[in-house]
Amino acid sequence: MTPFDAISTPLARRLREGLDRIAAAMRADEWGVAEEAGLTPTQLHALTFIAGRGEAGLRLRAVAEHLGVTQPTATDSIAALARKGLVVKRPDPDDKRAVAIRVTPAGCDVVRAIGLAMTSAERALETLTPQEQQTLLELVIKTIRALQQAKAIPPQRLCVTCRHFRPYAHEDAELPHHCALVGAAFGGRHLRLDCPEHDPAPPPALEEAWRVFARRAPRAAGS
């Protein structure tokens, strides 16, 4: 490849190559954090996912879909977590024939400890200015939304896809958005990627909220 060939490479492809390098560092971080907790990365992801869903618990299929693995792989991970006393299986309150997987107090302790661990990726992100971090967050949200629409990933509990999200409802430049669930204003830096209170917005409201968000935040969301 000549220097000119590299310059002419589509920008999206170069971005993907850069993200691949970041992802490699993040995978190394995940292995380190998981090993410290005595888990594999898949077990770690399963545990944090289940913990984030509260006391209701989750069915195995939901865990497998979120992790992007087969049900046998998810079954093995859940079995390992159960042996370690980090999750338990209980009858699903909505369907007595099904089983719901819930995190135990010990599992919550592990998730809490993992959340306090500072990774190399986080340290790198902290070198960005607060405004750069907020812009990157908005770009990440847009990318996740596009992947979700393409059905490349399972539905995510994003603020921007929630029925309670009111983009740019306030004139305050620091806190322009509004959460109707808690009745509070919040800023772009507070946009969540996985909110436990997320309630999917119906399609018309979803598209309207995104249109308003995209129009007012052209730097990150585009039109």
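The values are calculated or read from the model by the stated rules, or taken from the named source; none is laboratory data. All figures in this text were calculated on a predicted structure; none of them were measured in a lab. Reconstructed Cβ throughout: ideal geometry from the backbone, glycine too, with neighbour counts over all protein chains shown. The area values use the complete protein model at the heavy-atom level, side chains included, leaving out ligands, DNA and RNA. Shrake-Rupley method; radii C 1.70, N 1.55, O 1.52, S 1.80 Å.
What is the dipole size for the chain, taken about its Cα centre, with +1 at each Lys and Arg Cβ and -1 at each Asp and Glu Cβ, in debye to the nearest 20?
For the chain, the charge dipole is close to 540 debye.
Tell me, what is the per residue accessible area of the stretch 4-53 in Å², probe radius 1.4 Å?
Counting only protein heavy atoms, the per-residue value for the stretch 4-53 is 64 Å².
Can you give the accessible area of Leu175, probe radius 1.4 Å, in Å² rounded to 10?
Surface accessible to solvent at Leu175 totals approximately 50 Å².
What is the percent carbon and sulfur in the accessible area of the chain, measuring with a 1.4 Å probe over the protein chains and ignoring ligands?
58 percent
Please identify, among Val69, Val182, Val140, the residue showing maximal mean-square fluctuation in a Gaussian network model of the chain using a 10 angstrom Cα cutoff.
Per the Cα network of the chain with a 10 Å cutoff, Val182 tops the list.
For percent of Cα pairs over 34 Å apart, pick the label among [x] 23; [y] 13; [z] 51 that corresponds to the value derived from the coordinates.
Recomputing percent of Cα pairs over 34 Å apart here picks out [x].
Quick one: grab the alpha carbon gyration tensor of the stretch 87-152, order the square roots of its eigenvalues as a ≥ b ≥ c, and give me rounded if a/c is under 1.5, else prolate or oblate depending on whether a/b is larger than b/c. Kindly include the intermediate steps, with their values, before the conclusion.
Working: a/c = 4.39, a/b = 1.58, b/c = 2.78.
Oblate.
Only Cα pairs under 8 Å and at least 6 apart count here; give the relative contact order of the chain as a rounded whole percent.
Relative contact order of the chain: 15 percent.
Given a 1.4 Å probe and the protein chains all in place, what does the accessible area of Asp109 round to, in Å² to the nearest 10?
90 Å²
Can you tell me how the stretch 49-109 classifies by the Cα gyration tensor, rounded, prolate or oblate, using a/c under 1.5 as the rounded cut?
Rounded, since a/c falls under 1.5.
Let me make sure I get this right: for the stretch 117-176, a, b and c are the square roots of the gyration tensor eigenvalues over alpha carbons, sorted descending. Under 1.5 in a/c it's rounded, otherwise prolate if a/b > b/c, else oblate. Which is it?
Judged from the Cα gyration tensor, the stretch 117-176 comes out oblate (a/c at least 1.5, b/c at or above a/b).
Would you mind telling me which residue in Asp76, Asp199, Asp94 has the biggest mean-square fluctuation in a Gaussian network model of the chain, where springs connect alpha carbons within a distance under 10 angstrom?
Asp94
Whole angstrom only: what separates the Cα centroid of the stretch 46-90 from the Cα centroid of the stretch 115-185?
A separation of 25 Å, based on Cα centres.
Excluding ligands, DNA and RNA, what is the solvent-accessible area per residue of the stretch 100-223 at a probe of 1.4 Å, expressed in Å²?
59 Å²
What is the helix-to-structure angle for 203-216, meaning the angle in degrees between its Cα long axis and the longest Cα principal axis of the chain, kept from 0 to 90 and rounded to the nearest 10?
50 degrees
Mind checking the stretch 79-134 for GluC sites (Glu not before Pro) that DSSP puts in a loop (not H, G, I, E or B) and that have at most 16 other Cβ atoms within 10 Å?
Filter output for the stretch 79-134: Glu126.
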